[in-house]
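Student: What follows is a single structure, and I will ask about it in a moment.
The values are calculated or read from the model by the stated rules, or taken from the named source; none is laboratory data. Treat the numbers as computed from the prediction; the structure is a model and nothing was measured. FYI the Cβ positions are ideal-geometry reconstructions off the backbone, even for glycines, and counts take in every protein chain you see. With ligands, DNA and RNA removed, areas are computed over all heavy atoms of the protein, side chains included. Shrake-Rupley method; radii C 1.70, N 1.55, O 1.52, S 1.80 Å.
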Amino acid sequence: MDPTEDPIQAAIANPQNMGEMADADSVGTVGNPECGDMVRMWLKFSEKDGRKVIDRASFQSFGCQTAIAVASMATEMLKGKTVEEACDLRSSDLSEPLGPLPPMKLHCGDMVEGALREALKAEAGGAGPAAAATEPSLVPGDTLLGSLQAPALKSGKLKVVKLD
Ligand code: FES
């Protein structure tokens, strides 16, 4: 297949909403001990027609290309969604524009869903990025790199694969 026709390759070539969001209202981080990858998602909310909706979403990933592609799609898809609508989204919904993921890549989409759920949970609990950053698993910093340097992750149980 022509790489330009592969939606995953196209998404990786031009990822959307990648990077930290300084003014985020909530943040969620998940890691997969099996593959050692991590995804962090930031959400910013606004009011629209009397409803609280996701205004913007962004992500950072120390993950495989599929995770980046799904996170890129997901952060686009989340714009304008209410918290309830976002809660209903499963990894299969988030990755749907990319076509069916191979079985060995399903967990990549699950990780993006997990980061979204953590961010929504932080929002529901009223915990913003600062609160999330004080969780033991996220010490010593609130950056994804800081999370990777946390003592629990330095135990050697996780393998970190840096992106090119
Ligand atoms: Fe682990 Fe894709 S997120 S291989």
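Student: List the helices (runs of 4 or more DSSP H) that sit entirely inside the range 1-110 and contain at least 1 residues that are under 19 Å from GLU123 (Cα atoms), of a type in the set (Ser, Thr, Tyr) and away from the ligand (no atom under 14 Å from the Cβ). Show your work before the answer.
Tutor: Numbers: elements: 7-13, 65-77, 83-87, 91-94.
Filter on the range 1-110 gives 65-77.
Student: Step by step: first the residues of the range 73-132, then only those that are out of contact with any helix residue (DSSP H, G or I) (no Cβ under 9 Å at 6 or more places or on another chain), among the small types (Gly, Ala, Ser) and at pLDDT below 95, then the one that is farthest from GLY36 (Cα to Cα). Which residue is that?
Tutor: Across the range 73-132, the extreme among qualifying residues is GLY126.
Student: Which one of GLU20, GLU47, GLU34 is of a type in the set (D, E, K, R) and more than 17 Å from LEU78 (Cα to Cα)?
Tutor: Values: GLU20 fails: more than 17 Å from LEU78 (Cα to Cα); GLU47 fails: more than 17 Å from LEU78 (Cα to Cα).
Testing whether each residue is of a type in the set (D, E, K, R) and more than 17 Å from LEU78 (Cα to Cα) leaves just GLU34.
Student: Which of the residues spanning the range 1-60 are open to solvent by less than 10 Å² (accessible area, probe 1.4 Å) and on the phi > 0 side of the Ramachandran plot?
Tutor: Listed by number, the list holds a single entry, GLY36.
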